[in-house]
1. Find the residue count for segment 42-70, including only residues that are over 14 Å from ASN105 (Cα atoms) and part of a loop (DSSP other than H, G, I, E, B).
2. If ARG118 passes every condition in (1) in a helix (DSSP H, G or I); (2) within 15 Å of the chain's Cα centre (by Cα) but one, which one does it miss?
3. Say whether the condition of being basic (Lys, Arg), assigned to a loop (DSSP other than H, G, I, E, B), loosely packed, with under 13 Cβ neighbours inside 10 Å and over 18 Å from the mean Cα position of the chain (by Cα) is met by at least one residue in segment 20-41.
4. Quick check on LEU56: is it closer than 12 Å to ASP77 by Cα, touching a residue at least 12 places away in the same chain (Cβ under 8 Å) and either surrounded by 12 or more Cβ atoms within 10 Å (Cβ to Cβ) or aliphatic (A, V, I, L, M) (or both)?
5. Taking the condition in contact with a helix residue (DSSP H, G or I) (Cβ under 8 Å, 6 or more places away or on another chain) and assigned to a helix (DSSP H, G or I), does GLU94 pass?
6. For segment 86-115, which positions are without any contact (Cβ under 8 Å) to a residue 60 or more places away in the chain and either touching a strand residue (DSSP E or B) at 6+ places or on another chain (Cβ under 6 Å) or buried (at least 16 other Cβ atoms within 10 Å of the Cβ) (or both)?
7. Find all pairs meeting these conditions: Cβ atoms under 6 angstrom apart; at least six residues apart or on different chains; first residue within segment 31-50 and in contact (Cβ under 8 Å) with a residue 12 or more places away in the chain; second residue surrounded by 20 or more Cβ atoms within 10 Å (Cβ to Cβ) and of a type in the set (Gly, Ala, Ser).
8. Just checking, does segment 19-39 include any residue being touching a helix residue (DSSP H, G or I) at 6+ places or on another chain (Cβ under 6 Å) and modelled with pLDDT under 95?
Amino acid sequence: MLRLECGRRSRYNEARPYVRSDGMSKEMEDFIVQSYQKEENMMILVFAQWCINHDLDPEALYLEAYPDQAKNQALRDALALTVPKEEAGEVPDETLLGVLSLFGNDDLAFVVTQEIARLGKQKKQ
């Protein structure tokens, strides 16, 4: 019988990686967090490029949706990766709205929806 004393490791758990109480390893948890962050950065880039393609200021729209978050570094980083609208591919409105809702950015999706309506009215005139 193997007896464990407080503060000592058994031969069984010496080689085992850190495992959370729900069974997920620290490495898996880190991988999931990093994947989410990459996807979130892609969502921000899609938003920023959509704004550029429609001659809109991404920071102004973001500030309208989230007035308490004036300085968003991730948005600034994404802006550095955007291209001029003449060089960019189209970002469909539905794609942007879907990505925003996937990440729970409902306030930003609302502001974007208002801009889509405004842009639609301008095209008709």
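The values are calculated or read from the model by the stated rules, or taken from the named source; none is laboratory data. Since the structure is predicted, the reported quantities are computational estimates derived from the model, not experimental observations. Cβ coordinates were reconstructed from backbone atoms using ideal geometry, including for glycine residues, and neighbour counts include every protein chain displayed.
1. 6
2. The one condition ARG118 does not meet is (2).
3. The answer is yes, given that some residue of segment 20-41 is basic (Lys, Arg), assigned to a loop (DSSP other than H, G, I, E, B), loosely packed, with under 13 Cβ neighbours inside 10 Å and over 18 Å from the mean Cα position of the chain (by Cα).
4. no
5. Taking the combined requirement at face value, the residue does not satisfy it.
6. VAL91, ASP93, LEU96, LEU97, VAL99, LEU100, ALA109, VAL111
7. Note: pairs meeting the criteria are ILE44/ALA78; LEU45/ALA78; ALA48/ALA78.
8. No: zero hits.
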